[in-house]
1. Six or more apart or on different chains, Cβ under 7 Å: which pairs go from a residue in region A:79-108 that's over 30 Å from A:Glu164 (Cβ atoms) to one that's of a type in the set (Asp, Glu)? Could you list them?
2. Going by the conditions given, is B:Leu164 touching a helix residue (DSSP H, G or I) at 6+ places or on another chain (Cβ under 6 Å) and either away from chain A (no Cβ under 14 Å) or under 19 Å from B:Ala50 (Cα atoms) (or both)?
3. So A:Ile210 passes all but one of these: (1) surrounded by fewer than 17 Cβ atoms within 10 Å (Cβ to Cβ); (2) in a helix (DSSP H, G or I). Which condition number does it fail?
4. With region B:41-137 as the region, which helices (runs of 4 or more DSSP H) entirely inside it contain at least 3 residues that are within 13 Å of another protein chain (Cβ to nearest Cβ) and of a type outside the set (Lys, Arg)?
5. Of these, A:Ile27, A:Ile46, which one is outside the structural domain of A:Pro218 (by TED's automatic domain parsing) and in contact (Cβ under 8 Å) with a residue 24 or more places away in the chain?
6. Is it the case, given these coordinates, that A:Ile217 is in a loop (DSSP other than H, G, I, E, B), exposed (fewer than 15 other Cβ atoms within 10 Å of the Cβ) and more than 12 Å from chain B (Cβ to nearest Cβ)?
7. May I ask you to list the residues in region B:118-160 that are without any contact (Cβ under 8 Å) to a residue 12 or more places away in the chain and under 27 Å from B:Gly64 (Cα atoms)?
8. Please go through region B:287-318 and pick out each residue that is of a type in the set (Lys, Arg), more than 14 Å from B:Asn333 (Cα to Cα) and either modelled with pLDDT of 85 or more or surrounded by 16 or more Cβ atoms within 10 Å (Cβ to Cβ) (or both).
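The values are calculated or read from the model by the stated rules, or taken from the named source; none is laboratory data. No experiment lies behind these values; they were computed from the predicted model shown. No Cβ is skipped: glycine too gets one built from the backbone with ideal geometry, and neighbour counts run over all protein chains shown.
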Amino acid sequence: MIVAKDGRLILRCLSLSYIGILVILPIFALISIVFKNNQAAIWAHITHPHAIYSLKITFFYALCIAIINCITGTATAWVLVRYDFPLKKTMNTLIDLPFAIPTVVTGIMLVTLYGPQSIIGHFFARNGFHIIYNQPGIMLALLFVTFPFVVRAVQPVIIEMEKEMEEAAEALGASPWTIFLKIILPTLSPAILTGTALSFSRALGEFGSIVIVAGNIPMKTQVASVYIYGEVESGNIPGALGISLVLLLLSFSIILLLNIIQKWKRKYEEAK
Amino acid sequence: MASIMVENLSKRFGNFVAVDDVSFRAEEGELVALLGPSGSGKSTILRMIAGLEIPDRGKTYLYGKDVTHTVSRKRKVGFVFQHYALFKHMTVEKNIGFGLEIMKKKKDFIKDKVEKLINLVNLNGYESHFPAQLSGGQRQRVALARALAPEPKIMLLDEPFGSLDAKIRENLANWIRDLHQKINVTSVFVTHDQNEAIKIADKIVAINRGKVDQIGTAKEVYEHPETKFVASFIGNTNVIVGKLHDHKLYIENMAGEIPTKSLKAPKNGSMVLLVRPEDILISKKKTRECPIKGTIKDIYYRGSAYEINILTGDIIINVVEEKNRFQKKKIANNATVYLGFVKYNIFNAPEGRKIIEEKLSQLGYLE
């Protein structure tokens, strides 16, 4: 008994220190170094037009792809669960590819497909629409990289959702649109929100694919993570710190939001 | 005019014939049970009446109107699902009021009606609970109230007590019976529990392998089962194999013969006899009514009655006798007794032969 008790205590200490060292310590390191530096200088770096611009487009495109993912991801999950079609299993496996492929490789693939030397890229460029080394490239890369989040969050909920709930609503006189709005959407919304928030926070930090696809053009395609990299490369540590802190705070608030969603979800799923 | 009338309903799922040429009707105010084992197609019939499934062939009429191709939401029937199918994200109140909201009723009206229904199903104090916070019986009552809210003239209940434990089941079954009499609806419910059907239904439609085997009142179906299936399904039944010869039934491996002057099908040959445990007499002496010799093997006390297993030849016969009558006889284990069948149903080949073969193969005589 005593051994088992000790064992549990040790395991608890080990896992706590692991989280402490691996997750909490680096966060503290960043925050403390921000406080040690001249904060006025850091603030000046954050408010530098290039920095502001990079934060703006990062935030803007993260928001865009989050909204798009919210719709396409839910629709994809729905189709994968509720409909039958040839190669359904293969399709289902393919969904995870964007997670598995190294993001740099994703970047290379997109450049190969849409770059000015390719047929598609050439066609668009001739009509004055540049995809690669331009903002549409950022969008494409982010969409590719974050695609699985909503699908994989929503899919299990649709599988679990009893079809009878929809039938009950139908028998009570509800039209298909009403069933979608009042029964399906409320049931799925916690999962949709979770997936959307995750893809948003992932998009905030995406580096590998964007640096290849969009390049590093200030005031045009320089997103926050690429900007930080540039600052580090040129030895401007306070500049990197400032933007890093902003990204950290954003990610933190998303995690907080997710927790609130989870709590709300638990309210009616508890005591099953 | 019948409230519900189905004609020649058929439905396949792939190669599986779920419902095969089913016809029956439910008169206004009737409580009808669709009785059959699981997988017999009874739920599919119910779902076709509700419009949740489209029949391959046949027609459905509600109050004389052909609704075969009418979508479910326009049929105005109340449907109660076996697993309740409550809206998990809505409170009890919202669940019950859903149908009225769809009908765009005024808020005050909905509030009033929901309150009345909550009273009716005894869920006062649970208005703002979520389904996950309720017990099985409570959830089922919410499901009932929800289906009743739009005041449908027809209620369809799919194994309404299927997932509840025995005690709650019985209470709820009686409660439904009372409710049915209180409000003017025609109800059809699906069940695999013959006691439930006998207890609360006005009419029983016995379903076997997607076909109607028999339609009748509970009493008719119980006392005069028309097929072996119905007989064996309705109540516990002893299946006895015998041979008919010169109007006497010789029962295989059983000591004694039974005179069969009342037999409907007095052909000579193999027969199957179905006898209910309560239709068997026990006597300590051999008499004209009790010609079959046996030995008492087990005696079980069952409240108001005794259940007795009697070995005769090499088969065990299950008998149920009323408590006082059995106690008077003062029979103990291993005593020799004589049996007589007061009532039985007899079926001949091919059904009989098939059962004989099964029986023999069970005993090891056939491969």
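1. A:Thr103/A:Glu206
2. Values: touching a helix residue (DSSP H, G or I) at 6+ places or on another chain (Cβ under 6 Å): yes; either away from chain A (no Cβ under 14 Å) or under 19 Å from B:Ala50 (Cα atoms) (or both): yes.
Here the answer is yes, as B:Leu164 does meet what is asked.
3. The single condition A:Ile210 does not satisfy is (1).
4. Values: elements: B:42-50, B:92-102, B:107-120.
Ranges flagged: B:42-50, B:92-102.
5. Numbers: A:Ile46 fails: outside the structural domain of A:Pro218 (by TED's automatic domain parsing).
Residue meeting the stated conditions: A:Ile27.
6. Details: in a loop (DSSP other than H, G, I, E, B): yes; exposed (fewer than 15 other Cβ atoms within 10 Å of the Cβ): yes; more than 12 Å from chain B (Cβ to nearest Cβ): yes.
Yes.
7. The first filter runs over region B:118-160 and keeps only residues without any contact (Cβ under 8 Å) to a residue 12 or more places away in the chain, leaving B:119, B:124-125, B:133, B:135, B:151.
Once the filter is applied, which keeps residues that are without any contact (Cβ under 8 Å) to a residue 12 or more places away in the chain and under 27 Å from B:Gly64 (Cα atoms), region B:118-160 yields only B:Glu151.
8. Here is the first cut: in region B:287-318, the ones of a type in the set (Lys, Arg) are B:288, B:293, B:297, B:302.
Remaining after also requiring more than 14 Å from B:Asn333 (Cα to Cα): B:288, B:293, B:302.
Matches in region B:287-318: B:Lys293 only.
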